[in-house]
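The values are calculated or read from the model by the stated rules, or taken from the named source; none is laboratory data. Here the structure is a predicted model, which means the values were calculated and not measured. Neighbour counts are summed over all protein chains in view; Cβ atoms, including those assigned to glycine, are modelled from backbone coordinates with ideal geometry. Surface accessibility is based on the protein's heavy atoms, side chains included, excluding ligands, DNA and RNA. Shrake-Rupley method; radii C 1.70, N 1.55, O 1.52, S 1.80 Å.
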Amino acid sequence: RSLSPEQILERLDDRYRLLTAGPKNVAPRHQTLRALIDWSYDLCTPAEQRFWARSAIFAGSFDLAATEAVCADDTQPEDVIDLVTELIDKSILVREEHAGQARYRQLDLIRQYGRHRLTDLGEEASVRQRHRHHYRQLAAQANAHAFGAHQIEWFSRLQLDHADLRAALEAYASDPDAGGAGLQMAADLLYHWINSYYLNEGRGWLDRLLTINQAGTPARANALWTSGWLALIQGDIPGAKAMLDEARDLAERLEAPVALGYAALFSGFLSMFTGDTQKALALYDEALALHRAAGNPHGVALTLIRLSLAHSFLGDSDKARALAEECIAVCEAAGDVWHKSYALMALGIEVWRQGDYQRATTLERDSLRINQALDDRLGIALNLEVLAWVAATGDHERAARLHGILRTLWGAIGAELSGYGHLVVYHEESLRRSREALGEHGFQAIFDQGATLGVEEALRYAREEPAPAPPRPGERAGAPVLTRREAEVARLVAQGLSNKEIARQLVISQRTAETHVENILVKLGFTSRAQIAAWAAENA
């Protein structure tokens, strides 16, 4: 009654200060928001209270390993599981499931309260230090698996942990004495910045930490070439050159062959972009020799891809194909799929240049399936580029529509053919052919149709797949599958059990049973238990 909506909005950063004027004719815990949460906190045991406060340090969802590393301290790991269970039952933690793994989170309101309590306990500094250390180790592990059989699961995991990775980097950037560790962490997250397309954020952290940490260390050399690659993807040629030149000088002084190999490799990217193909080949050859000598298959695979593209561009077909096929073999030996997708893309370009349009299409679609599974927008856009070039050899309507799709994709990425600037000549030639064949008006109409397609529809069109069948009654298109426990609860609902009876049978709290039922209703798009029962009977 006393504030305007604008004033309420301004004060929502501290809801405990704002909501302090409840009715006086109700229990004290119902009069203010703070009193309500205090009441819940007081119902917890001292161990649960401490665990609540410590787990409030997480910015997003977290798994059991993170909980043990950050919150355990003087608590045994087996006690952590018990505490997690108790806080889920008390609705302090919310349980989620991702790829068969349980994760936990707190509502913002609960987290904000827990942060206050953590400060009161005098533990904020120590818990924050354990938090940033855990996520720095996680980034290092992800970097170690960036080339190999487990890269997809690591890419996915980092996406789930993004909020806490960001919080850890902020903690390092705010501590001048620990900034070196943060600099290496930002560099270790290279593929997270690329695959999740946090390019601006990645460069922002690297620039900030490079400014703080001027010492000529291996971490700085790695951060420089990493930031140089991100700059190339964004089309920032001056920025990329400055960082790669410094990376090369520093790697030579440190006698760090792997960092020198990456600096040479990405300097080769830069030379290809500026049209100095011969210099690019010399730099690629240098990089390949350094990575082979260091036994670094990741660097070898990246360099082979770029060498294949360079020789293809120069018309050396046999060399281009041999290099791409060698890269595919290196990737398959390691179980790697991300780099393999780019090798398939490079091979597809050369096969297209030789006139084998059917095989080029197959190669690009094979690459597209991988990139789509990884949600790699840059890789997807490159695949659609080559498919558009193939289509421009005969099916100009298809080429025009694909180019319309590409306008949207490249616009979202921020630069056309980012990091692959030498391929623009093929892009422009494809556009020219289709415009001439269809006429400007006809081309533009089809181009605009492609630009308005949604992502899924555009990818189905690129793969030439039919639209999916409409969902069955009671089933939403793209609805997530029920978890094992939710399916079990659905079967019990079908048997006519109440939430209280379900809780007793599954040995869980009634509130947890209610939450499962609510989740089932949301996931299946239902509004009643009768619909759940019918669905469970149909899917038994």
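Being crowded, with 24+ Cβ neighbours inside 10 Å, within 25 Å of the chain's Cα centre (by Cα), small (G, A, S) and over 22 Å from Y420 (Cβ atoms) is the filter here; which residues of region 211-251 pass it?
A221, A223
When the residues of region 310-321 are narrowed to those that are assigned to a helix (DSSP H, G or I) and within 19 Å of L283 (Cα to Cα), which ends up most open to solvent (accessible area, probe 1.4 Å)?
Applying the filter and picking the extreme gives K319.
Where in region 79-194 are the helices (runs of 4 or more DSSP H), entirely inside, with at least 1 residues that are hydroxyl-bearing (S, T, Y) and either touching a residue at least 40 places away in the same chain (Cβ under 8 Å) or on the phi < 0 side of the Ramachandran plot (or both)? I'd like the intermediate steps shown before the answer.
Details: elements: 108-121, 124-144, 151-160, 162-173, 179-188.
By residue number, 108-121, 124-144, 151-160, 162-173.
Output yes when any residue across region 390-406 is in a helix (DSSP H, G or I), modelled with pLDDT of 95 or more and surrounded by fewer than 20 Cβ atoms within 10 Å (Cβ to Cβ), and no when none is.
Yes, some residue in region 390-406 is in a helix (DSSP H, G or I), modelled with pLDDT of 95 or more and surrounded by fewer than 20 Cβ atoms within 10 Å (Cβ to Cβ).
Report whether or not A142 is open to solvent by less than 70 Å² (accessible area, probe 1.4 Å) and at pLDDT 95 or above.
Against the criterion (open to solvent by less than 70 Å² (accessible area, probe 1.4 Å) and at pLDDT 95 or above), A142 qualifies.
When region 329-352 is examined, which residues are found to be surrounded by fewer than 21 Cβ atoms within 10 Å (Cβ to Cβ) and either among the charged types (D, E, K, R) or more than 23 Å from A142 (Cβ to Cβ) (or both)?
A329, E332
Could you please give the count of residues in region 264-281 that are surrounded by fewer than 18 Cβ atoms within 10 Å (Cβ to Cβ) and either touching a Ser or Thr at 6+ places or on another chain (Cβ under 9 Å) or closer than 23 Å to R203 by Cα (or both)?
Final tally of qualifying residues: 4.
Collect the residues in region 356-365 that are buried (at least 16 other Cβ atoms within 10 Å of the Cβ) and free of Cβ contacts under 8 Å to residues at least 24 places away in the same chain, keeping them in residue-number order.
Correct list: L363 only.
Condition first: hydroxyl-bearing (S, T, Y), buried (at least 21 other Cβ atoms within 10 Å of the Cβ) and either touching a residue at least 24 places away in the same chain (Cβ under 8 Å) or over 18 Å from L283 (Cα atoms) (or both). Can you find one or more residues in region 252-263 that meet it?
Within region 252-263, one or more residues are hydroxyl-bearing (S, T, Y), buried (at least 21 other Cβ atoms within 10 Å of the Cβ) and either touching a residue at least 24 places away in the same chain (Cβ under 8 Å) or over 18 Å from L283 (Cα atoms) (or both).
What about G419, is it on the phi > 0 side of the Ramachandran plot, touching a residue at least 40 places away in the same chain (Cβ under 8 Å), open to solvent by 20 Å² or more (accessible area, probe 1.4 Å) and under 27 Å from the mean Cα position of the chain (by Cα)?
no
Taking the conditions exactly as written (over 17 Å from D316 (Cβ atoms), of a type in the set (S, T, Y) and open to solvent by less than 20 Å² (accessible area, probe 1.4 Å)), does Y284 satisfy them or not?
Details: over 17 Å from D316 (Cβ atoms): no; of a type in the set (S, T, Y): yes; open to solvent by less than 20 Å² (accessible area, probe 1.4 Å): yes.
Against the criterion (over 17 Å from D316 (Cβ atoms), of a type in the set (S, T, Y) and open to solvent by less than 20 Å² (accessible area, probe 1.4 Å)), Y284 does not qualify.
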